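Notes follow the structure.
The values are calculated or read from the model by the stated rules, or taken from the named source; none is laboratory data. Since the structure is predicted, the reported quantities are computational estimates derived from the model, not experimental observations. Neighbour counts run over all protein chains shown; Cβ positions are idealised from the backbone, glycine included. Just so you know, the surface numbers come from the protein's heavy atoms only, side chains and all, with ligands and any DNA or RNA stripped out. Shrake-Rupley method; radii C 1.70, N 1.55, O 1.52, S 1.80 Å.
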Amino acid sequence: MNERYVVQEKFPPLGVEGQKLLRKSSVVLVGVGGLGTFIAQYLVRAGVGRLRLIDFDVVELSNLQRQILYDEGDVGKSKVQCAYTHLRRINSEVTLEPVEDKLTGQNAESLLTGFDVIMDGTDNYQARFVMNDVAKKNGIPFAFGSVAGAYGMSKMFLPDEKICLRDVVGDSLDVSNAPTAATGGLISPILGVVTAFMAAETIKVLTGASDKVERRLMVFDLWQNQWSQLYIAENPQCEVCSGKRYPALEGDF
């Protein structure tokens, strides 16, 4: 029993064998901002074997209110490089791959395939649709999460499901008007709630407990004290779910 993970390994559904599976696992995280900094810490502290971090932005002073991996000394610096430095100090056993680039439909498959789970740490639906389409096309579990204000939602999309992100938000969503922290404000506790759920679902997948994954969309409203689960209806007309077409990989979100 590795002393670092002794408490986690005492959790019966995980145990020593589950920890070994985590050590062999790989995750790619797109975005190391509000969602991503929480997610990255959960995964690195849990002992995933390999974590790729993708982001093209720099740390700003206004980020420090919610992007908990950074401090004042990081302002003005590359997010992925700062994330790499801090995460390395947390757990040097994890293989970290910082990628300073913007995810697009053109580079997505080269950046996102070959991993056990794709995780959403972004704040925009253009990137989320790209992740969604790569996940569906290549049969990779995709952990989606979104927050605004004190409201958030999340779902782990599994390859065997005949639903995808487009069935949640609609294929005709005006992504330019979707609320973000920058446009609608945000209190940081909602990030903790949503990302804790995302990380737990990911750990289930990585340790062979996909049967425990929630099949409904989780919705959280911390201001109104409301948590709910919503069933997502299959859409027979969805080109992505049917494998006919992957619009985001063609530049059409």
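Numbers below:
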| quantity | calculated |
| --- | --- |
| The chain - accessible surface per residue (Å², probe 1.4 Å) | 46 Å² |
| Three-way shape call for region 139-235 based on the alpha-carbon gyration tensor, with the a/c threshold at 1.5 | oblate |
| Per the chain, cysteines lacking a partner by the 4.7 Å Cβ criterion | Cys82, Cys164 |
| Rough spin-label spacing in nm, given labels placed 7 Å along Cα→Cβ, for Asp160 and Glu3 | 4.1 nm |
| Apportionment of accessible area to carbon and sulfur, the chain, percent (1.4 Å) | 50 percent |
| Three-way shape label, region 1-157, alpha-carbon gyration tensor, a/c 1.5 | oblate |
| Bridge type composition, the chain - antiparallel percent by DSSP, nearest 5 | 50 percent |
| Span-rule helices in the chain, defined as complete DSSP H runs reaching 24 Å or more along the axis (Cα) with Kyte mean at least 0.0 | 189-206 |
| Helix-only mean residue ellipticity at 222 nm for the chain, each DSSP H run of n ≥ 4 adding -39500 (n - 2.57), per residue, nearest 500 | -9500 deg cm²/dmol |
| Lysine pairs meeting the criterion (Cα under 23 Å, 8 or more apart or interchain), as found in region 77-174 | 8 |
